[in-house]
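Colleague: One structure is given below, represented as structure tokens, and several questions about it will come after.
The values are calculated or read from the model by the stated rules, or taken from the named source; none is laboratory data. Remember, predicted model here, so these are calculated numbers, not experimental data. Virtual Cβ from ideal backbone geometry, glycine too; neighbours counted across all protein chains shown. SASA here: full protein model, heavy atoms, side chains in, ligands and nucleic acids out. Shrake-Rupley method; radii C 1.70, N 1.55, O 1.52, S 1.80 Å.
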Amino acid sequence: MVKVQISKLDPNVEIPTYKTEGSSGVDLMAFIDKPIKLGPGTSCLVPTGLSIAIPKDCEVQIRPRSGLAAKSNITVLNTPGTIDSDYRGELKIILFNHSKKEFIINNKDRIAQMVVAKHEVISWNTKYNI
């Protein structure tokens, strides 16, 4: 288990939760004042109203929700998106519409999954000939 500090940037933001005991990621929700119209073949940045602080040996991966992709052809543009341990700004998700019709994003729609993963730091061995 990894301890992650989380801040709600507004009191109405909901903290993400695991939907089942076997879930590897939590669903992130849109936190927006008015619906966002995502046209065919376009992308947009969707705020979540959350900021986090993770340990230095971790990263956050932002991944598409399979249901959103399968039903509406909506995905995370830079999949997986990486959030580094030193980032402290608001989590915002880049969504892309692969469909031929407009997609409406409403407040509290589940838009992506967030997974925390440990990682190693590279130590280069320059004396090795490949």
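Colleague: Pull up segment 1-27, narrow it to residues that are open to solvent by less than 90 Å² (accessible area, probe 1.4 Å) and in contact with a Gly (Cβ under 8 Å, 6 or more places away or on another chain), then point me to the one that is nearest to residue 116 (Cα to Cα).
Modeller: Across segment 1-27, the extreme among qualifying residues is 13.
Colleague: Go through 85, 72, 66 for me and flag whichever is open to solvent by 50 Å² or more (accessible area, probe 1.4 Å) and either out of contact with any Lys or Arg (no Cβ under 9 Å at 6 or more places or on another chain) or without any contact (Cβ under 8 Å) to a residue 40 or more places away in the chain (or both).
Modeller: Details: 85 fails: open to solvent by 50 Å² or more (accessible area, probe 1.4 Å); 72 fails: open to solvent by 50 Å² or more (accessible area, probe 1.4 Å).
The conditions single out 66.
Colleague: Taking the condition of being in a loop (DSSP other than H, G, I, E, B) and either over 16 Å from the mean Cα position of the chain (by Cα) or of a type in the set (A, V, I, L, M) (or both), how many residues in segment 97-125 meet it?
Modeller: Taking segment 97-125 as the starting set, the residues that turn out to be in a loop (DSSP other than H, G, I, E, B) are 98-102, 106-109, 119-125.
When the remaining residues are screened for being either over 16 Å from the mean Cα position of the chain (by Cα) or of a type in the set (A, V, I, L, M) (or both), the result is 98-102, 106, 119-125.
Summing the residues that are in a loop (DSSP other than H, G, I, E, B) and either over 16 Å from the mean Cα position of the chain (by Cα) or of a type in the set (A, V, I, L, M) (or both) in segment 97-125 gives 13.
Colleague: Another question, then. Among the residues of segment 28-37 satisfying the criterion of being assigned to a loop (DSSP other than H, G, I, E, B) and of a type outside the set (Asp, Glu), which is most open to solvent (accessible area, probe 1.4 Å)?
Modeller: Here is the first cut: in segment 28-37, the residues assigned to a loop (DSSP other than H, G, I, E, B) are 30-35.
Then keep just the ones that are of a type outside the set (Asp, Glu); that gives 30-32, 34-35.
Values: 30: 2, 31: 54, 32: 22, 34: 146, 35: 80 Å².
Once the filter is applied, the top-ranked residue is 34.
Colleague: Here's a check for you: in segment 54-72, which residue that is in contact with a strand residue (DSSP E or B) (Cβ under 7 Å, 6 or more places away or on another chain) and not in a strand (DSSP E or B) is farthest from residue 25 (Cα to Cα)?
Modeller: Applying the filter and picking the extreme gives 72.
Colleague: Looking at (1) in a loop (DSSP other than H, G, I, E, B); (2) closer than 30 Å to residue 121 by Cα; (3) at pLDDT 95 or above; (4) not basic (Lys, Arg), can you tell me which one residue 94 breaks?
Modeller: (1)
Colleague: How many residues are part of a loop (DSSP other than H, G, I, E, B) and surrounded by 15 or more Cβ atoms within 10 Å (Cβ to Cβ) if we restrict to segment 38-53?
Modeller: First, the residues of segment 38-53 that are part of a loop (DSSP other than H, G, I, E, B): 39-42, 48-49.
Remaining after also requiring surrounded by 15 or more Cβ atoms within 10 Å (Cβ to Cβ): 48-49.
Residues that pass the stated criteria total 2.
Colleague: What are the pairs with Cβ atoms under 6 angstrom where one residue, in segment 116-130, is open to solvent by 100 Å² or more (accessible area, probe 1.4 Å) and the other, located anywhere, is not hydroxyl-bearing (Ser, Thr, Tyr)? Sequence gap at least six, or different chains.
Modeller: 118/57; 118/58
Colleague: Filtering segment 88-115 down to residues that are surrounded by fewer than 11 Cβ atoms within 10 Å (Cβ to Cβ) and touching a Pro at 6+ places or on another chain (Cβ under 7 Å), which residue is nearest to residue 11 (Cα to Cα)?
Modeller: 104
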